[in-house]
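Here's the structure we're looking at; comments come further down.
The values are calculated or read from the model by the stated rules, or taken from the named source; none is laboratory data. Computed from a predicted structure; not experimentally measured. All Cβ positions, even for glycine, are placed from backbone atoms using ideal geometry, and neighbour counts span all protein chains on display.
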Amino acid sequence: MSIPDTAIAAAPPSSSGESEARFRNEIGQISRHSAVFFLGTLFAAAAGYLFKIYVARVLGAGALGVYALGITLVGFFGLFNGLGLPQTAVRFVAAYSATRQYERLHAFFRHALGLLAVANIVLAGAMILVGPWVARRLYHSAELAFYLPMFAGLLALGGFTAFMGQVLAGYKDVALRTVIANFVGSPLNIVLGVMLLAGGWGLRGYVLAQ
């Protein structure tokens, strides 16, 4: 069976043209997201470096040492507060949104946020209960016990922040995540930190700003 010459001549250009246009659109989108991410990383790194110099001059080595010890506790308990949900969010949000399975997407959000809330409440409570013993017996820093409720708050907020960041990645919106985290979150953190430190809040103000 022979195929008409008009069909052979007409089909490939149309198909290749659509494929090329789609490819160029995807490359342009990737380039824009990459550029925003790169600029956001540079901005956050430069601003954070200058802010840390200011914090070191205001707080001193002793208070920064207490903060570093508190962050180690946050890091330890933070190993468990995500329950692996931030990693799964990238896959399921992308899959459900691409196939328009919005009911499953909403159910995933409800269950994931509920599990995160329970896990972070339990872990924050455990940190407040166990933390004073760790601070006094292991770290030999009685001062750290005073700041443990605030570090527990950092722990809980960190779990939700990591999850929502991966949700934006699942929606293929890296640029928006970068804008929120680096161009909004970092300056807001710095502004609040400077205001609280200048107001005499000391280490408590610095932790609250985080």
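Of all residues in region 197-210 being crowded, with 18+ Cβ neighbours inside 10 Å and among the aliphatic types (A, V, I, L, M), which is farthest from Gly40 (Cα to Cα)?
My answer is Leu203.
Show me the helices (runs of 4 or more DSSP H) entirely contained within region 95-210 in which 1 or more residues are under 30 Å from Leu39 (Cα atoms) and among the β-branched types (Val, Ile, Thr).
Hits in region 95-210: 142-170, 174-178, 186-198, 202-209.
Residues in region 123-145: is at least one surrounded by 13 or more Cβ atoms within 10 Å (Cβ to Cβ) and within 22 Å of Ala89 (Cα to Cα)?
The answer is yes; a qualifying residue exists.
Can you spot a residue in region 161-168 that is hydroxyl-bearing (Ser, Thr, Tyr), crowded, with 17+ Cβ neighbours inside 10 Å and either closer than 19 Å to Ala44 by Cβ or more than 17 Å from the chain's Cα centre (by Cα) (or both)?
no
Are any residues in region 78-103 farther than 23 Å from Gly159 by Cβ and either of a type in the set (Asp, Glu) or crowded, with 19+ Cβ neighbours inside 10 Å (or both), and if so, which ones?
Glu103
Does region 53-94 hold any residues that are aliphatic (A, V, I, L, M), more than 22 Å from Arg177 (Cβ to Cβ) and either over 17 Å from the mean Cα position of the chain (by Cα) or not in a helix (DSSP H, G or I) (or both), and which are they?
Scanning region 53-94 gives Ile53, Val55, Ala56, Val58, Leu59, Ala61, Ala63, Leu64, Val66, Ala68, Leu69, Leu73.
If we scan region 86-97, do we find a residue that is out of contact with any strand residue (DSSP E or B) (no Cβ under 9 Å at 6 or more places or on another chain), polar (S, T, N, Q), within 30 Å of Leu144 (Cα to Cα) and in contact (Cβ under 8 Å) with a residue 12 or more places away in the chain?
Scanning region 86-97, I find no residue that is out of contact with any strand residue (DSSP E or B) (no Cβ under 9 Å at 6 or more places or on another chain), polar (S, T, N, Q), within 30 Å of Leu144 (Cα to Cα) and in contact (Cβ under 8 Å) with a residue 12 or more places away in the chain, so the answer is no.
What number of residues within region 151-197 are among the aliphatic types (A, V, I, L, M) and free of Cβ contacts under 8 Å to residues at least 24 places away in the same chain?
Matching residues across region 151-197 total 11.
Taking region 172-191 on its own, how many of its residues are crowded, with 16+ Cβ neighbours inside 10 Å and either hydroxyl-bearing (Ser, Thr, Tyr) or more than 28 Å from Ala95 (Cβ to Cβ) (or both)?
Summing the residues that are crowded, with 16+ Cβ neighbours inside 10 Å and either hydroxyl-bearing (Ser, Thr, Tyr) or more than 28 Å from Ala95 (Cβ to Cβ) (or both) in region 172-191 gives 5.
Is it true that some residue in region 5-28 is assigned to a helix (DSSP H, G or I), at pLDDT 80 or above and more than 23 Å from Ala156 (Cα to Cα)?
No, region 5-28 has no match at all.
Checking Phe109 against (1) under 30 Å from Trp201 (Cα atoms); (2) at pLDDT below 90; (3) surrounded by 15 or more Cβ atoms within 10 Å (Cβ to Cβ), only one condition comes out false. Which one?
(1)
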